[in-house]
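The block underneath contains the structure these notes are about, expressed in structure tokens.
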Amino acid sequence: MTEDSPANILQSGRSSQGTQKVIFISLDQHVLLMNVSVRIVLKKAHAFLTNVEEMSSNDAARIMSLLCDLCVCQVVDPLKTMRFSVPKILLNR
């Protein structure tokens, strides 16, 4: 498994040194509910910012709202993939 493989990013919430963003990925197999996949990826990012980066819950929510990107990666029946990216410049490390 490479450092940038989806399984590694999904587990760690980190991407390689060459990229400018930390990426969180969510895969969901609900046929009609893409909202489930969105909630999963947002919860992962929020947990990362509050637990690992030691931000307050409100600060993490503000940063997620103002500076981060939520993208649909693919919608293939029945798989839906969402990506949420956080600019590395916002992180402590």
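Distance between the modelled labels on residue 43 and residue 75, one decimal in nanometres: 2.3 nm (7 Å Cα→Cβ projection).
Normalised size of region 39-93, defined as Cα radius of gyration per 2.2 N^0.38 Å with N residues, equals 1.22. Basic side chains Lys and Arg get +1 at the Cβ, acidic Asp and Glu get -1 at the Cβ, and with that the dipole of region 31-93 about its Cα centre reaches some 80 debye. Phi angles of region 82-87 translate, via the Karplus equation with coefficients 6.51, -1.76, 1.60 and θ = phi - 60°, into HN-Hα couplings of 10, 10, 10, 10, 10, x Hz per residue; Gly and Pro are given as x.
Read-outs throughout are calculated quantities, based only on the coordinates presented, and are distinct from any laboratory measurement. Just so we're clear, the structure is a prediction, and the values are computed from it rather than from any experiment. Please note: Cβ atoms are built from the backbone with ideal geometry, for glycine as well, and neighbour counts cover all protein chains shown.
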